[in-house]
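The values are calculated or read from the model by the stated rules, or taken from the named source; none is laboratory data. Note that the structure is a prediction, hence the values are computed from the model and not measured. Ideal geometry is used to build each Cβ from the backbone, glycine not excepted, and the neighbour counts take in all protein chains shown. SASA here: full protein model, heavy atoms, side chains in, ligands and nucleic acids out. Shrake-Rupley method; radii C 1.70, N 1.55, O 1.52, S 1.80 Å.
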Amino acid sequence: MKPKVFVTRRLPDEVMNFLEDHFSLDLNPHDKVLTREELLRSVKGIDGLLCLLTDKIDARVMDAAGGNLKIIANYAVGYNNIDVDAATARGIVVTNTPGVLTDTTADLTMALMLATARRIVEADRFVRQGKFKGWAPLLFLGADMHNKTLGIVGFGRTGYAVAKRAVGFDMQILYYSRHKASPEKESTVKATFVDLETLLREAHFVSIHVPLTPETRYLIGEKELRLMRPDAFLINTSRGEVVDESALADALKKGRIKGAGLDVFEREPEVHPDLLELGNVVLLPHIGSASIETRTKMGIVAANNLLEKLIKGQKAPNTVNPEVYTIAN
Ligand code: NAP
Ligand code: GLV
Ligand code: GLV
């Protein structure tokens with residue numbers, strides 16, 4: 001008998017076909033996030049769960065699934081939506097989709113940097129509104145990105161991929177991370193390891209690439225925003241809760257920093273109302289990995305984690321709680 005897998009939302013066709021070939025599949029039929037009650041009902045009796053970052057998977061969901069649940073495969077690299085300790089305690093493997101989305105997310109980060117510095121969204125609106133009356137010397141003057149200092153917070157896969165792109169813009173690269181990178185990695189992009197305060201004081205662009213953890217929640221708050229240059233831009237394509245959104249809205253309103261480019265929000269899909277009113281911020285609906293190629297690859301990675309664990313009885317390649325394998329289950 002094929003293992004029972006529940007998918008919390010329809011994924012690209014290639015992924016759905018792959019899943020249907022291997023599993024007895026149940027799918028959320030609606031193109032919307034499941035309510036808590038729907039989720040609790042849907043997971044009953046499953047062997048594997050394929051979920052999204054919009055699904056909160058805690059102990060209650062795991063217990064509602066019953067004793068057969070062996071793997072929770074998240075369709076994302078970030079897994080702050082899952083209570084990993086609760087999963088480990090129950091012998092449940094948790095997996096994510098690292099790597100395949102790195103370049104796509106780094107591309108979007110560059111797009112946000114350019115869009116904020118060169119006022120792309122404001123300028124597009126201006127043209128559509130019929131206000132373009134011809135080239136003008138002072139029309140939409142923005143800031144240059146090339147030759148500026150980029151401060152990368154979290155020098156992991158995405159942070160490094162952004163640094164590689166920034167080299168092409170002749171940017172000077174500073175980074176702050178939990179650990180200093182190898183001399184090889186640093187020298188490839190000529191990146192300098194600094195403390196967070198130095199990075200915030202010096203960078204023209206501050207780009208956030210840490211995961212959301214208890215340590216990184218509100219890493220950028222009022223105090224940190226006050227350290228930034230008045231001509232600096234804050235870019236966030238990691239998780240909204242890494243930044244104190246009301247402190248950011250206040251700093252932008254008062255002109256204490258120049259602008260911001262945000263793909264993620266503290267209370268997604270809610271956006272702080274002040275941000276919606278401000279012209280110096282570009283707001284995106286969490287589309288960092290949203291290319292057809294990458295969203296397909298992420299699905300195949302997630303499906304393969306399910307396959308290795310549930311069908312081949314192997315360790316899932318992208319396990320985030322490897323200690324689970326040493327606990328008898
Ligand atoms: P990654 O390779 O794990 O990189 C994260 C980096 O942050 C690592 O270098 C890590 O350092 C560092 N870090 C962790 N905790 C830290 C702390 N407390 N202080 C300073 N640095 C810390 O992850 P990734 O693949 O680049 O993804 C990063 C995050 O971006 C994901 O967790 C996800 O939330 C988000 N993301 C969002 C989108 C989107 O659609 N907008 C797409 C992809 C990813 P160590 O290496 O020393 O642990
Ligand atoms: C997207 O935000 C991810 O973590 O994959
Ligand atoms: C601008 O279009 C220029 O030619 O300088």
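Structure summary
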| quantity | calculated |
| --- | --- |
| Matching residues in the range 96-144 - criterion: being open to solvent by 20 Å² or more (accessible area, probe 1.4 Å), within 16 Å of ligand 1 (Cβ to nearest atom) and in a loop (DSSP other than H, G, I, E, B) | Pro98, Gly99, Val100 |
| Residue list for the range 283-310, filter: of a type in the set (Gly, Ala, Ser) and within 13 Å of ligand 1 (Cβ to nearest atom) | Gly288, Ser289, Ala290, Ser291 |
| Hey, Val242 over 21 Å from Asn280 (Cα atoms) and open to solvent by less than 20 Å² (accessible area, probe 1.4 Å) or not | no |
| Of all residues in the range 252-282 being away from ligand 1 (no atom under 11 Å from the Cβ) and touching a residue at least 60 places away in the same chain (Cβ under 8 Å), the one that is farthest from Glu14 (Cα to Cα) | Lys258 |
| Qualifying positions in the range 49-73 - of a type in the set (S, T, N, Q) and more than 15 Å from Leu34 (Cα to Cα) | Asn68 |
| Counted residues, the range 21-62 - those being under 16 Å from Ala73 (Cα atoms) and free of Cβ contacts under 8 Å to residues at least 12 places away in the same chain | 0 |
| Subset of the range 80-95 [crowded, with 23+ Cβ neighbours inside 10 Å and within 16 Å of ligand 1 (Cβ to nearest atom)] | Ile82, Val94, Thr95 |
| Among (1) more than 14 Å from ligand 2 (Cβ to nearest atom); (2) outside the structural domain of Arg157 (by TED's automatic domain parsing) - the single one Val301 does not satisfy | (1) |
| Matching residues, the range 271-298, being in a loop (DSSP other than H, G, I, E, B) and open to solvent by 60 Å² or more (accessible area, probe 1.4 Å) | Pro285, Ile287 |
| Only listed residue being among the charged types (D, E, K, R) and either in contact with a Lys or Arg (Cβ under 7 Å, 6 or more places away or on another chain) or under 30 Å from Met16 (Cα atoms) (or both), chosen from Lys297, Lys254 | Lys297 |
